[in-house]
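Colleague: I'd like to ask you about the structure that follows.
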Amino acid sequence: MSHHHLGRTHVRPVGGPSVVVGASMAGLCAARVLSERFDHVVVIDRDKLPDGPEWRHQVPQGRHPHLLLRAGAQHLEWWFPGIVEELEAGGAVDVDVCRDLYWYQSGGVMRRPASELRGPAMSRPFLEATVRRRVEKLPNVTLYDETVAEGLETDASGTRITGVRLDDGSTIGSGLLVDATGRQARSLGWLKTLGYEAPSKSVVMVDTRYATRVYRRTELPVRDWKAAAVIGSPDSKRLAMALPMEGERWIVTLVGLGGESPPTDEAGRLAYAESFESPVIAEIMAVSEPIGETVAYRFAANQRRHMERMRRFPLGWVPVGDAVCSFNPIYGQGMTTAAQQAAILGTCLDRTGATNRSFSHHYLRAAGRSVSVPWSIAVGGDFAYDGTTGEKPAGTDLLNRYMERVAVAAQHDDSVGIRFNAVAGLVRRPESLLTPAYMFRVLRFARRGPIGPSST
């Protein structure tokens, strides 16, 4: 599914300049793809971009756990050879999401067979700084921070974007403008003044609240896994996660859904972690020294813009990343889907060799469709919780009852768990969970029932 980028041998130069607004992961991946196809790429960001892995104010979920899913790691490795090794040399931890992740859900721990589903776990700022350094080394890419875009320049007909206007009155010419400004998709406001309607949106309200803290990573308690996720029953509306990150640290997040709010004081946090059937996250917190304060974050709603339904759009403009779709971060799909959209951008440019109507049409349709799988995973998962509101995809309740059985079957059978993780990791399509042979296996093993909160 994630092999758009293997078409790189057929790169078609488009030539001219291009501009990326936003130096997020989506913007950096897009810049890398454009660097092979345009003469010059300018990336602008309104933030002051740190030299090293410091937190960025404008990246709200930057202070929360990050794991690069297998599909995302493959794209980055392809664009920036050796980057996963570079991250691991800097302290990122290689995690096989089947073998190295202690996953407690539906009354038991999933089995942990070895798999190919590996990716690095690290802090978001460390990943971003590493990717940004690689992008800045590209000979035809220039990155300007503390640079604010505030409008678009068009040709006389108003049908083609020819540049971006900055707040100091200057303009940067552009044959293709990529909006990587995140959830707000600031270019849509600029397009509105030119008479273009914004695409229709799907919104699913979840009200997810996080409380995250970093701890020193010690060898105690003794364990044979590198990361842990504990999912409470849907009616508890609670889950918790501990991921390793560089600097021999844990990043531990407690999550409440549907208005459940995790406490930020340490005694309250520990009690919250102890409320789960599995004690593993409470044990990490109890023996580890906290570093810095607890950081709270609230994610109100999943939001998907239906780019594929746009009838009128200007030429020379495309959105990527959260501008297209922003998911509940607990599913860890954001960076990987942004990378997949950047790969699609390359494929569509290679198909046309120009930023013409055919290119825009193909890209908007493919980018809009590319998020339908992660959207169904995130929104389907969120509808397992009371209090989630919005447009519920058809068949969601039935699917959630089945996924509950998948989670139980994965406590007994390796192959059920590996395929479940391949879908969650965006490596295989969800349909692979619905083949007759797989469903038969799931129902057979799920009959055995949950294995209970056995020790770690």
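Colleague: Of the residues G259, G321, only one is buried (at least 23 other Cβ atoms within 10 Å of the Cβ) and closer than 30 Å to S200 by Cβ; which?
Modeller: G321
Colleague: Within the stretch 66-102, track down each residue that is open to solvent by 20 Å² or more (accessible area, probe 1.4 Å), assigned to a helix (DSSP H, G or I) and touching a helix residue (DSSP H, G or I) at 6+ places or on another chain (Cβ under 7 Å).
Modeller: If the condition is that a residue be open to solvent by 20 Å² or more (accessible area, probe 1.4 Å), assigned to a helix (DSSP H, G or I) and touching a helix residue (DSSP H, G or I) at 6+ places or on another chain (Cβ under 7 Å), then E77, W78, V84, E86 are the ones that fit.
Colleague: Also, quick follow-up: Name every residue in the stretch 183-228 that is closer than 30 Å to L239 by Cα and β-branched (V, I, T), in order of residue number.
Modeller: Within the stretch 183-228, V203, V204, V206, T208, T212, V214, T218, V222 qualify.
Colleague: Take V427 and tell me if it is under 22 Å from the mean Cα position of the chain (by Cα) and not charged (D, E, K, R).
Modeller: yes
Colleague: Suppose we filter the stretch 235-248 for residues that are surrounded by fewer than 18 Cβ atoms within 10 Å (Cβ to Cβ) and not in a loop (DSSP other than H, G, I, E, B); how many remain?
Modeller: 2
Colleague: Could you list, in sequence order, all residues of the stretch 24-39 that are surrounded by 24 or more Cβ atoms within 10 Å (Cβ to Cβ), at pLDDT 95 or above and in a loop (DSSP other than H, G, I, E, B)?
Modeller: If the condition is that a residue be surrounded by 24 or more Cβ atoms within 10 Å (Cβ to Cβ), at pLDDT 95 or above and in a loop (DSSP other than H, G, I, E, B), then F38 is the only one that fits.
Colleague: OK, next. Quick one: which strands (runs of 3 or more DSSP E) sit completely within the stretch 103-221 and have at least 1 residues that are surrounded by fewer than 21 Cβ atoms within 10 Å (Cβ to Cβ), on the phi < 0 side of the Ramachandran plot and touching a residue at least 60 places away in the same chain (Cβ under 8 Å)?
Modeller: Fully inside the stretch 103-221 and qualifying: 141-144, 149-154, 161-166, 171-173, 201-216.
Colleague: Hey, could you check the stretch 296-308 for residues that are hydrophobic (A, V, I, L, M, F, W, C) and open to solvent by 40 Å² or more (accessible area, probe 1.4 Å) and say which is farthest from H362 (Cα to Cα)?
Modeller: Filtering first and then ranking leaves A296.
Colleague: Still on this structure: From the set of residues in the stretch 426-442 that are of a type in the set (A, V, I, L, M) and open to solvent by less than 70 Å² (accessible area, probe 1.4 Å), which is modelled with the lowest pLDDT?
Modeller: Ranking the qualifying residues of the stretch 426-442, first place goes to L426.
Table: residues versus (1) surrounded by fewer than 24 Cβ atoms within 10 Å (Cβ to Cβ); (2) of a type outside the set (S, T, N, Q); (3) modelled with pLDDT of 90 or more.
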{"position": "A338", "(1), (2), (3)": "no, yes, yes"}
{"position": "T347", "(1), (2), (3)": "yes, no, yes"}
{"position": "G353", "(1), (2), (3)": "yes, yes, yes"}
{"position": "H361", "(1), (2), (3)": "yes, yes, yes"}
{"position": "S370", "(1), (2), (3)": "yes, no, no"}
{"position": "S376", "(1), (2), (3)": "yes, no, no"}
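Colleague: Helices (runs of 4 or more DSSP H) wholly in the stretch 300-384 with at least 3 residues that are touching a helix residue (DSSP H, G or I) at 6+ places or on another chain (Cβ under 7 Å) and closer than 22 Å to R37 by Cα - which ones?
Modeller: Result: 334-352, 357-370.
The values are calculated or read from the model by the stated rules, or taken from the named source; none is laboratory data. Quick caveat: nothing in here was measured; it's all calculated off a predicted structure. Note: ideal-geometry Cβ built from the backbone for every residue, glycine included; neighbour counts use all protein chains shown. Surface accessibility is based on the protein's heavy atoms, side chains included, excluding ligands, DNA and RNA. Shrake-Rupley method; radii C 1.70, N 1.55, O 1.52, S 1.80 Å.
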